[in-house]
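Please treat every number below as a calculation from the coordinates, not as lab data. Every value quoted in this text rests on a predicted model; they were computed, and no experiment measured them. For neighbour counting, all protein chains shown are included, and Cβ atoms are generated from backbone atoms with ideal geometry for every residue, glycine included.
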Amino acid sequence: MDGADRLGKPVTGGRGVALVLAVLAVMLAALAQPAMAQDLERVPRATRNVTPPGILPGPAVDGPLYREPTPPAPPQPPKWRRFFLPRTTDGATFITKDGLTIKVYGVAPPAVDQTCQRADGETWPCGRTALFSLRMFLRGRAVECFLPPLDGIDRAIAPCRVGQIDVGWWLLSQGWATPDDNATDEYRATAQAARCERVGMWRGAEPDPDCPGVQAAPPS
């Protein structure tokens, strides 16, 4: 078979495929190199040898020199951030002076217009009372919440504290909130204890049948 016949046939076999792939790789690398070089800063060659005594000089480079771009800084981790005199819109929500709305993690407060019912059938504004109780607890003290950098953030759900007191735990222990889907086991146990003690929203309500010492209702 002469050279013309070879050129008219497709390349077959592992050796031929490897050759084609190698040629394609070289062509793609040659095409990509100018685009990459445009994105990098070109560095002039040193005019004198600045290698310290006793140190081997670097390898000689024939092509142009480019400076590697500085990698982006890693994101800052969350930390406790302090807010002075935030507004309170319900029993577990703060609005800072910069307009950031923070909901306390792990708890669900009653709506401000929510009412609760006592065992005698009387209703009372437990939602407004929960909000008032939170404001009395704060008494103008700063609130700290565990948050990431605030750039571009206008809403957040975060653990918060006043001094060394966990705000979420305080709300649950006083009966002014219920645990939500994110609540820890400790939060849930605290909320159950408040309900059994009938404090906060449970004031005057029927005792929970799961509480210790509560007699089970007789079968009808």
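The calculated FRET efficiency for Leu56 paired with Leu150, based on their beta-carbon distance and R0 = 41 Å, is about 0.25.
For Ile157 and Leu40, the difference between the fully extended length at 0.36 nm per residue and the C-alpha to C-alpha distance is 38.0 nm. Computed over Cα pairs, the Kirkwood radius of the range 136-183 leads via Stokes-Einstein (0.890 mPa s, 25 °C) to a diffusion coefficient of 200 µm² per second.
From the alpha carbon gyration tensor of the range 139-220, can you work out the equivalent ellipsoid semi-axes (sqrt of 5 times each eigenvalue) and give them in Å, largest to smallest?
So the three semi-axes of the range 139-220 are 34, 14, 10 Å.
Taking Cβ atoms as reference points and 15 Å as the exclusive limit, the residues near Gly213 contribute a net charge of -2, counting Lys and Arg as +1 and Asp and Glu as -1. Principal axis extents of the Cα atoms in the range 70-178, from largest to smallest and rounded to whole angstrom, are 70, 22, 21. Label-to-label distance for Asp185 and Ala119 is 3.2 nm, based on points extended 7 Å past Cα in the beta-carbon direction.
Using a simple spin-label model with points 7 Å from Cα along the Cα→Cβ vector, what separation in nm is obtained for Met136 and Glu68? Placing both labels 7 Å beyond Cα along the Cβ direction yields 6.3 nm.
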